Structures are given as C-alpha cells and as structure tokens.
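J.: Here it is, the structure in full.
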Amino acid sequence: MTTIIECTLLDFDVEKGEWDGVAKPVTCRRAISPSGLPFCDYSLNPYSGCEHGCVYCYAPRMMHRDPSEWRVVGVKTNIVERLSRELPGIKGRLIVGTVTDPYQYAERRFLLTRRCLDVLSKSQMRVTIQTKSDLVTRDSTFIREMGADIHMGITTIDDRISKMTEPGAPLPSRRLAAIRTLVGEGVDVKVNIAPVMSTISGHETELAEAIADTGVGKAYVDGLNLRFTDTERLDRMGIAPSDESVTLVLDGLRERGVKTELFKEFVELYSIKNDLQ
Ligand code: SF4
C-alpha cells in the first residue's frame, strides 16, 4: 500500500486529484540552474524525483541519487518564491523538466509547475516544457498565451510496452490524444521520441504514422544511451539500443511530412548538474 505524506508546508489551493504517490516536502537553494545544453540557458525542475519510473531513466545516477528512491517525489515548497526572486534581470531559454517530469501526477495536487509558469509568464524567459504527461493540457491556454512550447515524450504506441517500461507515466494513447488537443488549440507542440529502443522493432512505421496523425509538425529523435542507465535491468528485460529503429522512425516521420532532428546523445551534452534540492 502506498502512503501519502501530506506536505503541510504548502500554502496552496490544493486541487483534489487521484494520486497515490509518495511525496516529501523539500526546499531548494535555488530555483533555476545554468544549463550545459547548447540550446538552453537555464533549467527548472519543480519536483525532485519522478513517479514515472522509466526503466531507461538515467537521471538518478547522473545526479548521484539513489535510484531506489527516485520515485519518491520531492515537492520543492519554496521554489515559487525563489523563482520570483531569481528572475528579474535574467533572460534566455529556460527548459522546465530537464531531469524530472513537471507534470507527473503529484502536480495535480501540488501545482508547483503551474505556479512557476505563472511567474515565468511575467519574465523575459523563453520557456520550453518537457513532459510525458497529458496533464499538461490542463494549462494549455496559459501556455499558449505565454508563448511557451511543449515537448511531449513518446517511446512506443503500445500501451502494454509502456506499462512495462514507463510504469508510472500516462499511457501513450493518452499522450497522443493530448498532442492532438494541443495542436488543435494552437499550442506550439513537438514530440520527443526518446529513447528509441529495441521494444519498437517492427513497429517503427506505426509509431511514425501515429505521431504524424496528431498533426504535430516536428519531432526530435534520440537513441537509447546506456551511460548512467541500469544496463543490467535493461539486459534482463531484453531492451537494447537500435540504430535501425532510429533510422526507420526518422524515415517514417519525414515521409509523412514531419520535420525531424536527430538528438544524438542528449546525456553526453548534459554537462552541468541541475539543482534538485
Ligand atoms: S519521465 Fe524522465 S525523469 Fe521521469 S522516470 Fe522517466 S526518464 Fe526519468
């Protein structure tokens, strides 16, 4: 049985939502961190830890965190106040959700991402949001009005495979529906097909077709990078990188008019650690 730890430090108008995750209140020394990525100046992660529990996740090892604790969500109780203090005079590209999902289920309850976006909307930052959750549609009007873009992560269109590889994340069918909704609402949305794994072998065309059918205009594709990942677990599950699948996905998307970019070795580029506390 899972436990809900009430974060009594939060002074939020708590939205009731179905959520049975484990959370703990934490404080952060700073809200935004300089990013080592070439296309991003700053990063912001409203939560530490991530309930999605993806088997290919490299974040805990990269951050020197205990992987067995990664699904315990740290709710950064002071992040909104810190962000308000740090933003004046700063501008550039900021990515929300570089190492944890800002729209994981805890966000239904704690609203940190929504409140951070509210602060960011009054700043000079250009904002990108990375997520694997359809919860982002809750804030779509606000996101469109502030001119932010969304990168939705998809690794398979098979809900059964997703349940095994991304057990806590919303199913791909819900993510595809969310992309369709966002595109229809005029939100700038892209797809991150990352990582491409052997789990999609033989189904690359279906994946490309499903993504193209949402109406999205651009997709970023990345292979499975084994650095920092739990390779023993991947071996046990028979999951491996597949360059052939990467090529087939890229070709399938291009044939269907989706612009693509190969996002090679994301983790290698990620040289600066984000502040998770
Ligand atoms: S969504 Fe990202 S941060 Fe969360 S478990 Fe999956 S790979 Fe890790």
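J.: What fraction, in whole percent, of alpha-carbon pairs in segment 58-122 exceed 19 Å separation?
T.: In whole percent, the share of Cα-Cα pairs in segment 58-122 beyond 19 Å is 40.
J.: When every alpha-carbon pair in segment 114-225 is counted, what percent end up more than 20 Å apart?
T.: 39
J.: Further, regarding this structure: For a quick size check, give me the Cα extents of segment 157-219 along its three principal axes, largest first, whole Å.
T.: Sorted from largest, the Cα extents of segment 157-219 read 32, 24, 15 Å.
J.: Could you tell me which residue out of 208, 26, 47 lies farthest along the dipole of the chain toward its positive end? Charges go on the beta carbon: Lys and Arg +1, Asp and Glu -1, centred on the Cα centre.
T.: About the Cα centre, the residue reaching furthest to the positive side is 26.
J.: What does the helix-only formula give at 222 nm for the chain: each DSSP H stretch with n ≥ 4 adding -39500 (n - 2.57), the total divided by the residues, and the result rounded to the nearest 500 deg cm²/dmol?
T.: So the calculated ellipticity at 222 nm is -8000 deg cm²/dmol.
J.: Roughly how compact is the chain, stated as its Cα Rg over 2.2 N^0.38 Å to two decimals?
T.: Normalised Rg, Cα atoms only: 0.96.
J.: Sticking with this structure for a sec: If you line up the long axis of helix 204-213 against the longest principal axis of the chain, both from Cα atoms, how many degrees apart are they, to the nearest 10?
T.: For 204-213 against the chain, the angle is about 60 degrees.
J.: Follow-up question, since we're still on this one. Would you work out the Kirkwood radius for segment 71-167? I mean one over the mean of 1/r across all pairs of different Cα atoms, in Å.
T.: So the Kirkwood estimate lands at 14.5 Å.
J.: Which residue fluctuates most in the GNM of the chain (Cα springs below 10 Å): 140, 84, 162?
T.: Highest fluctuation among the options: 84.
J.: Roughly how many nanometres apart are two label points built 7 Å out from the Cα toward the Cβ at residue 163 and residue 188?
T.: Between residue 163 and residue 188, the simple spin-label model gives 3.8 nm.
J.: Can you figure out the FRET efficiency of residue 124 with residue 39, using R₀ = 25 Å and their beta-carbon distance, to the nearest 0.05?
T.: 0.90
J.: Let me ask something additional. If I take every Cα pair under 8 Å that is 6 or more residues apart in segment 22-268, average their sequence separation and divide by the length, what percent do I get for the relative contact order?
T.: Answer for segment 22-268 is 17 percent.
No value in this document is a laboratory result; all are computed from the given coordinates. Since this is a predicted model, take the numbers as computed values, not measurements. No Cβ is skipped: glycine too gets one built from the backbone with ideal geometry, and neighbour counts run over all protein chains shown.
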